[in-house]
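Before any comments, here is the structure.
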Amino acid sequence: MMKLASVPDYKSRSAMPDALPTVFVVDDDVSVRESLELLIRTAGWRPETFEFAQAFLDRPRLLAPSCLVLDVSLPGLNGLDLQKRVAADRTDMPIIFITGHGNIPISVQAMKAGAVEFLTKPFSDDDLLNAIRQALERSEAALGHELEIQALRERHDSLSPREREVMALVVSGLLNKQVGGELDISEITVKAHRGRVMRKMKTRSLADLVNMAAKLGIPARHN
């Protein structure tokens with residue numbers, strides 16, 4: 001009997017409301033969909049299967065670690081075309097290709113476009129489960145980064161226009177007196193703005209504030 005690998009516990013991530021890992025399957029062969037659905041569910045993940053690419057695209061985005069097990073040959077929108085769509089707006093969803101008619105050019109194209117694995121049918125359950133596990137780990141990391149940036153943007157949006165100016169100058173390495181000179185305000189006023197910036201951005205460290213600014217893409221300002 002095949003030994004199923006352990007599944008990471010994503011349920012503890014409160015920032016991910018739909019935190020149960022989900023494995024999407026798009027394959028027009030009903031027998032493949034049914035067998036993969038059983039395998040995925042037995043491994044402890046949540047399967048969702050689709051016969052056509054468009055049906056998958058019509059499904060609202062899921063805020064949880066996820067990956068896509070995708071057949072190359074599909075009626076209508078094929079697997080490689082769907083990969084382009086996913087790569088454009090679902091960057092946290094790695095793709096595992098499966099095919100019964102694989103060839104080197106197609107596999108190279110898929111891998112260059114970001115696929116994490118390219119499996120030719122028939123493939124072993126272990127090979128697919130290992131690929132899914134790696135894809136979900138990558139998805140969790142990408143989604144966690146996305147949620148972190150979203151939270152930072154919300155904090156930055158809560159700053160007043162003046163506080164944003166002060167933050168940009170402070171993270172550029174200017175002293176309070178220099179910031180005051182740049183903005184034509186007193187050093188005491190700069191200190192007050194700086195304190196509010198630190199509170200709203202939820203940090204007590206200038207180094208952390210500099211890192212936050214870098215993640216937000218705030219350009220450094222210098223004299």
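Hey, among the residues in the range 182-196 that are farther than 16 Å from ALA168 by Cβ and of a type in the set (A, V, I, L, M, F, W, C), which one's farthest from the chain's Cα centre (by Cα)?
Checking each candidate, the answer is ILE188.
Is it the case, given these coordinates, that ILE106 is in contact with a helix residue (DSSP H, G or I) (Cβ under 6 Å, 6 or more places away or on another chain) and free of Cβ contacts under 8 Å to residues at least 40 places away in the same chain?
no
Answer with yes or no whether PHE123 is of a type in the set (A, V, I, L, M, F, W, C) and touching a Phe, Trp or Tyr at 6+ places or on another chain (Cβ under 6 Å).
Answer is no for this residue.
Being under 19 Å from VAL108 (Cα atoms) and either under 17 Å from the mean Cα position of the chain (by Cα) or of a type in the set (A, V, I, L, M, F, W, C) (or both) is the filter here; which residues of the range 63-85 pass it?
LEU68, VAL69, LEU70, VAL72, LEU74, LEU80, LEU82, GLN83, LYS84, ARG85
Return the residue satisfying two criteria in turn: it lies in the range 133-169 and is under 21 Å from LEU206 (Cβ atoms) and of a type in the set (Lys, Arg), and of such residues it is surrounded by the most Cβ atoms within 10 Å (Cβ to Cβ).
ARG155
Consider LEU70 carefully, then state whether it is in contact with a helix residue (DSSP H, G or I) (Cβ under 7 Å, 6 or more places away or on another chain), surrounded by fewer than 20 Cβ atoms within 10 Å (Cβ to Cβ), on the phi < 0 side of the Ramachandran plot and of a type in the set (A, V, I, L, M).
no
Is it the case that ARG153 is under 18 Å from VAL25 (Cα atoms) and under 23 Å from the mean Cα position of the chain (by Cα)?
no
Name the residue that is farthest from GLY144 (Cα to Cα), counting only residues in the range 182-223 that are assigned to a helix (DSSP H, G or I) and polar (S, T, N, Q).
That would be THR189.
Are any of the residues in the range 154-167 of a type in the set (A, V, I, L, M) and without any contact (Cβ under 8 Å) to a residue 12 or more places away in the chain?
No: the range 154-167 contains no residue that is of a type in the set (A, V, I, L, M) and without any contact (Cβ under 8 Å) to a residue 12 or more places away in the chain.
For residues that are among the charged types (D, E, K, R) and in a loop (DSSP other than H, G, I, E, B), scanning just the range 66-107, find the one that is farthest from ARG138 (Cα to Cα).
ARG90
Filter the range 108-132 down to residues that are assigned to a helix (DSSP H, G or I) and buried (at least 18 other Cβ atoms within 10 Å of the Cβ) and give me whichever is modelled with the lowest pLDDT.
That would be ALA110.
The values are calculated or read from the model by the stated rules, or taken from the named source; none is laboratory data. Everything numeric in this text was worked out from a predicted model, so none of it was measured. Every residue, glycine as well, gets a Cβ built from its backbone with ideal geometry; the counts of neighbours run over all protein chains shown.
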